[in-house]
Amino acid sequence: MTTDPLFGRWTARIDQHLHGILPDPDTAPQGLHQAMRYAVLGNGKRMRPLLVHASGALFGADPARLDAPASAVELIHAYSLVHDDLPAMDDDALRRGRPTTHVAFDEATAILAGDALQALAFALLAQAPMPPALAVECLRVLAGAAGAAGMCGGQALDIDATGRRQALPDLERMHALKTGALIHAAIRMGALCGGAGADDLARLDGFAGALGLAFQVRDDILDIEASSEQLGKTAGKDAAQDKSTFPALLGLEGAKARLEALAIDMHHALAPFGPRAEALSALADLAIRRSH
């Protein structure tokens, strides 16, 4: 299987589905609907919905069954970025190479857009064309990953830790929630849609844990080595806000070594699946080699 054309087809399918499920920007309330589309349809990497498709493909899932969970996880991710960029949070003006949603619209509209995207994600899963028990399980997985035991909890820990040095285990736990939980949910939802069993899900949990951490280590490295133009967001923001990062705790070369060790962990976790896991393996490589 050649992964690049496959990823291109999946990305086109994801974007088409997102275009279709987002509200019409010409219907009232236009400002809210326009902000929702602005937040989602920018130049995102679509890593999380791609993981849904790759994990589902590993078990032969019908692509039509993967559309709802793939879009739902991207909507949650997009909402989280809108809220993370707000003045009360990270206070950033640049995202995906253009003004953040609260800058392009206004702060109140951005808050409402994030709220509406989160609600739309769960509505999408609730009415997805899949057996009701599977839909409920996908709802449970995504809700858990998005809430206080996942992404929101990780963001709260991040805020609490700003301005003080964290121990490495605390930093890893924070990012396992803030970044890793949604990646784990994407992989698990795709596998569930393909009928994966308990042993396979456990193997994928190990892969997802390593990938979520690797994704953040790479982000921290890029925050040092890449420009704002390359990243599409403000470079050097972590250092400016005195946040603990993997390079700050391990040194830049130590962070790169940690990234390579995580790459080995990911490939070991996928090894029992053989060539069937080629797409997941390629996404893992993409995540740790990316330049933005």
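The values are calculated or read from the model by the stated rules, or taken from the named source; none is laboratory data. Bear in mind the structure is a predicted one, so any value in this text is a computation, not a measurement. Cβ atoms come from the backbone with ideal geometry, glycine included; neighbour counts cover every protein chain shown.
Laid out as a table, the results:
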item: Among residues of segment 86-114, those that are modelled with pLDDT of 95 or more and either under 17 Å from the mean Cα position of the chain (by Cα) or among the aromatic types (Phe, Trp, Tyr) (or both), counted; result: 2
item: Breaking point among (1) modelled with pLDDT under 75; (2) part of a helix (DSSP H, G or I); (3) of a type in the set (Val, Ile, Thr), for Ile221; result: (1)
item: Members of segment 118-135 that are under 21 Å from the mean Cα position of the chain (by Cα) and of a type outside the set (A, V, I, L, M); result: Gln118, Phe122
item: Qualifying residue in segment 144-158 (condition: free of Cβ contacts under 8 Å to residues at least 12 places away in the same chain, part of a helix (DSSP H, G or I) and among the small types (Gly, Ala, Ser)); result: yes
item: Tally of residues being in contact with a helix residue (DSSP H, G or I) (Cβ under 6 Å, 6 or more places away or on another chain) and part of a helix (DSSP H, G or I) across segment 274-292; result: 10
item: Filter result for Gly97 (surrounded by 14 or more Cβ atoms within 10 Å (Cβ to Cβ) and within 21 Å of Ile159 (Cα to Cα)); result: no
item: Candidates Ala240, Ala255 - the one that is among the aliphatic types (A, V, I, L, M), under 28 Å from Asp91 (Cβ atoms), surrounded by fewer than 21 Cβ atoms within 10 Å (Cβ to Cβ) and modelled with pLDDT of 95 or more; result: Ala255
item: Candidates Leu75, Leu66, Leu50, Leu124, filtered to the one that is surrounded by fewer than 24 Cβ atoms within 10 Å (Cβ to Cβ) and touching a residue at least 12 places away in the same chain (Cβ under 8 Å); result: Leu124
item: Residues of segment 163-185 classified as surrounded by fewer than 16 Cβ atoms within 10 Å (Cβ to Cβ), over 13 Å from Ala248 (Cα atoms) and out of contact with any Leu (no Cβ under 9 Å at 6 or more places or on another chain), total; result: 1
item: All positions within segment 129-143 that are without any contact (Cβ under 8 Å) to a residue 60 or more places away in the chain and in a loop (DSSP other than H, G, I, E, B); result: Pro131
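Rundown of residues vs (1) surrounded by fewer than 21 Cβ atoms within 10 Å (Cβ to Cβ); (2) touching a strand residue (DSSP E or B) at 6+ places or on another chain (Cβ under 9 Å), yes/no style:
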site	(1), (2)
Asp4	yes, no
Gln16	yes, no
Pro25	yes, no
Gly31	yes, no
Tyr38	no, yes
Asn43	yes, yes
